[in-house]
Amino acid sequence: MAAPARTCTRRFAALVCDDDRWLEAHDDPNVRRWLEEHDAKTRVRFGRDSVADALMKHVDEIWRTRKTTSLAETKPTKAKPAAKTKRAKDAIELVRADGTTAVLFPTLAAPSGYDDHELSPNGTFAYAERVSGGKDRRELLVRRTTPDATTDVLEGLEGSDVVWDEPRGGLYYTFTPADVPHAERFGAREIRFHRIGGPQREDVTIVPPSRDRNEASGRNPLGMLGRDHLLVRLRSAWDATTTYGVVDLGKEPKVRPLVQPDGRVDEVTRDGEEILALVRHDDGSRTLRRLRATDARGNDVGRIPAGSHYTSHRLVGKMHLVEYGAGFSQRFELHDPRFRVVTAWTAPPGTYERVRFEDGEIVSSRSGLLAIEEVARIDPETGARTPLRRVEAAAWEAARFEVDTFDATSEDGTRVPVTVLRDKNTPRDAKAPLWVYAYGGFRYPQFLHFQAIVAAWVSSGGTYAVVHARGGTEWGRDWNEAALRTHHFRSVTDVVAGVRALHARGYGTPARTLLHGRSHGGLVVSRAAVGWPDLARKVLAEVPLVDMIRYVEAGRGGLTEYGDPDDPGELPSLLHLSTYHAITPGTRYPAFFVTTAIGDERVDPMHPSKLVSALERAHPENEVHLKVDFRGGHLGGGGEPFERSMAEALAWLRTASDEAR
């Protein structure tokens, strides 16, 4: 069907044009037909690609040939709990200390399944989160663990934490109304108490909604402080304005915000009945302060200097674990209870490390571009690592490959890190096809964990690279805050600088480069490709966010991340960031492979659809492919392997690279 005539409106001082509003009507049969036609053409084009099939076969071989090797005897652990929950096939079972089992939550019909599940501390209750088809919305199934107990079904959960309150016979959870407008979605979240065995309609609101459009992920219960106080997150925003509070669970619950006179409370950790609050000061330094639930005053435990690339603080047992940088530049410091450094270490390049407290020990789990996983015990006094187990795959020859890191210089002079994985024997002569991934937002770094599709790609002679653009936390929280709201275009220019530097170092050429981003990353790479059409020949934009003027009206965007198009001071930067509005009629752009999901609750399907339509309209020779998941959501769930679209796009790049030789 022909698109309607050009539509432009004046928004403050700017003229904003949008010729594809008709694609926002998801229930319109014409839109459905348009999606089906594009999807059918794409599946015919890529459905039987031998290169993609070979990559997927290698992915399957890697996972199928995995094996776990024990490297050391484990120390005796604490006494086993009286019971625990575990997944048995697709059901959730109660496992008692004597080894007997009972089904708590039965197997669900596809495409539903279980995510988190947990037993309450005293074993009285259990819950399981029911999810469906890669969607964000979920249900909480909760019941007593006694035989033949009924199961309560709680709706309205989305990214909710659950906190048990066994003495009161229930739990706290975050509730989001299903019909709330997108612009009010996160501000509409509330914290409720559910008494197990009763109907959800009788649940009590403990923390009411705020109606604040600037909330990024809403309110959440974080944990009990003794018997009568609940620690809560009142507002969670990626612009570093997260706020916390304590709820006095009396006859009429009252919320007291956690505030400090010399700075804002940036982060909290529970320590028994006390709170460890990280207070951020105007100079960028942070003070770790111990507070009581009933007392706003506190005692300082330690201080974290400004400019230290701080990312997070956690307790591991009674020790303080401070992380600096994440994903790329991870460094850890382990402090004693008085916050004196006991030991410190840095994760090797190309790895991602998680540290936890398990059965009385400090345990590290490392994954990476070269290694599937290695688990080790860390001596809290010396930092010495004792390997416990290693996961390897016979179909992955890690010794053939190497990780390279270097800095690119962005438009404003900032040094942006780049990580490269390649075969040691592949010459840097710009002939190998180059796959570049980027994200750069939402305080989420590109974790360099093991991915079988990456391993399969480099095994076939390709090169893989990650540009660690500002917006993540690769160099700490300041790296995120440097690319928020009116400054978010820095993420785009960082990607451009990273790709240019890769080419200058002999890692591919524009004709042999695939730019890849997913979700927010799809926005960043698509905007880079539209703004610099000579940067790469191919673009894979998976479920991309692209219309930055209408993003607040549907899906799950974030005003705190990007800015408000209803603010005349922020509209110009949003127009500049918006890929959709940057597409110019008459311009040849790189070839795009775009994906979308009909059930996507984070990135509304209008975004990928409008991107495809605008590219097609811009020039008759623009190559554009759209693949649609008609069953799943933002996280997949449509029945196709998660890596399949990546394999098809890489096969597409491989063909173009061979033609360029």
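The values are calculated or read from the model by the stated rules, or taken from the named source; none is laboratory data. As the structure is a computational prediction, the values presented were derived from the model and not from experiment. Note that we place each Cβ from the backbone using ideal geometry, even for glycine, and neighbour counts take in every protein chain shown. Calculation scope for accessible area: heavy atoms of the full protein, side chains included, ligands and nucleic acids excluded. Shrake-Rupley method; radii C 1.70, N 1.55, O 1.52, S 1.80 Å.
Apolar share of the accessible surface for the chain: 48 percent from carbon plus sulfur atoms, 1.4 Å probe.
Distance between the modelled labels on residue 290 and residue 617, one decimal in nanometres: 6.3 nm (7 Å Cα→Cβ projection).
Accessible area per residue was computed with a 1.4 Å probe on protein heavy atoms; residue 194 scores about 0 Å². Relative protection proxy for 499-507, 475-483, from highest mean packing down: 475-483, 499-507 (other beta-carbon atoms within 10 angstrom). Loop-located GluC sites (Glu not before Pro) in the range 554-661 (DSSP state not H, G, I, E or B) with no more than 14 neighbouring Cβ atoms inside 10 Å: 621. In this view, the solvent-accessible surface of residue 60, computed with a 1.4 Å probe and all protein chains in place, comes to about 90 Å².
For the range 569-661, the Kirkwood estimate of hydrodynamic radius, built from reciprocal distances between every pair of different alpha carbons, is 15.0 Å. Find how many whole Å separate the alpha carbon centroid of the range 144-181 from the alpha carbon centroid of the range 213-256. Comparing the Cα centres of the range 213-256 and the range 144-181, I get a distance of 17 Å. With the convex hull drawn over the C-alpha atoms of the chain, the volume per residue is 169 Å³.
Rounded to the nearest 20, the Cβ-based charge dipole of the range 281-404 about its Cα centre (Lys and Arg +1, Asp and Glu -1) stands at 540 debye. Look at the dipole of the chain built from charges on Cβ: of 186, 503, 514, the Cα furthest out on the positive end belongs to 503.
The separation of the range 4-73 from the range 278-295, counted between C-alpha centres, amounts to 44 Å. May I ask you to list the residues of the range 552-585 whose amide nitrogen lies under 11 Å from a point 7 Å from Cα along the Cα→beta-carbon direction of residue 10? So the set is empty, nothing qualifies. Label-to-label distance, residue 70 versus residue 179, with points set 7 angstrom from Cα along the beta-carbon direction: 5.8 nm. Computed from Cα positions, the angle between helix 520-531 and the longest principal axis of the chain comes to roughly 20 degrees.
Think of the chain as having a plus end and a minus end, set by charges on the Cβ of Lys, Arg, Asp and Glu; of 70, 612, 206, 70 sits farthest toward the positive end of this dipole. Per residue, the accessible area of the chain comes to 42 Å², computed with a 1.4 Å probe over protein heavy atoms only. Considering helices alone, the calculated mean residue ellipticity of the chain at 222 nm is -5500 deg cm²/dmol, with DSSP H runs of length four and up weighted by -39500 (n - 2.57) and normalised per residue.
Could you state the number of Å between the C-alpha centres of the range 475-505 and the range 114-132? If we compute the Cα centre of each part, the gap is 40 Å.
For the peptides 432-444, 373-385, 270-282, the ranking by packing is 432-444, 270-282, 373-385, with the highest mean count of neighbouring Cβ atoms within 10 Å listed first.
Listed cross-link partners 538/627; 41/538; 431/538; 84/251; 41/135 are compared with a 23 Å cut-off, the Cα-Cα value being larger for 84/251; 41/135. Multiplying the residue separation of residue 17 and residue 342 by 0.36 nm and removing their Cα-Cα distance gives an extension gain of 111.1 nm.
If R0 equals 22 Å, the separation of the Cβ atoms of residue 89 and residue 63 corresponds to a calculated FRET efficiency of about 0.75. Note the angle between two axes, namely the Cα long axis of helix 606-618 and the longest principal axis of the Cα atoms of the chain, as a number of degrees from 0 to 90, rounded to the nearest 10. The angle comes out near 10 degrees. In this label model, residue 303 and residue 381 are separated by 3.1 nm, measuring between points 7 Å along each Cα→Cβ vector.
Residues whose amide H lies under 5 Å from that of residue 271, counting only those 5 or more places away or on a different chain, are 276; hydrogens are built 1.01 Å from N in the peptide plane. Taking a straight line from the alpha carbon of residue 318, these aspartates and glutamates sit under 17 Å away, with near neighbours fewer than eight places off in the same chain left out: 271, 273, 274, 300, 333, 336, 358, 359, 361, 379, 381. Each peptide in 588-596, 88-96, 167-175 was scored by the mean count of other Cβ atoms within 10 Å over its residues; highest first, the order is 588-596, 167-175, 88-96.
In this Cβ point-charge picture (+1 for Lys and Arg, -1 for Asp and Glu), the range 530-661 has a dipole of about 440 debye about its Cα centre. Full extension of the chain between residue 394 and residue 534 yields a length gain of 46.4 nm, computed as 0.36 nm times the residue separation minus the alpha carbon distance. Could you state the angle between the C-alpha long axis of helix 50-64 and the longest principal axis of the C-alpha atoms of the chain, as a value from 0 to 90 degrees rounded to the nearest 10? Between the helix axis and the principal axis of the chain, the angle is about 20 degrees. Counting 0.36 nm for each residue step from residue 407 to residue 124 and taking away their Cα separation leaves a gain of 96.5 nm.
For the chain, the dipole from Cβ point charges (+1 on Lys and Arg, -1 on Asp and Glu) about the Cα centre works out to 900 debye, to the nearest 20.
When the surface is traced with a 1.4 Å probe over the full set of protein chains, residue 546 keeps roughly 0 Å² accessible.
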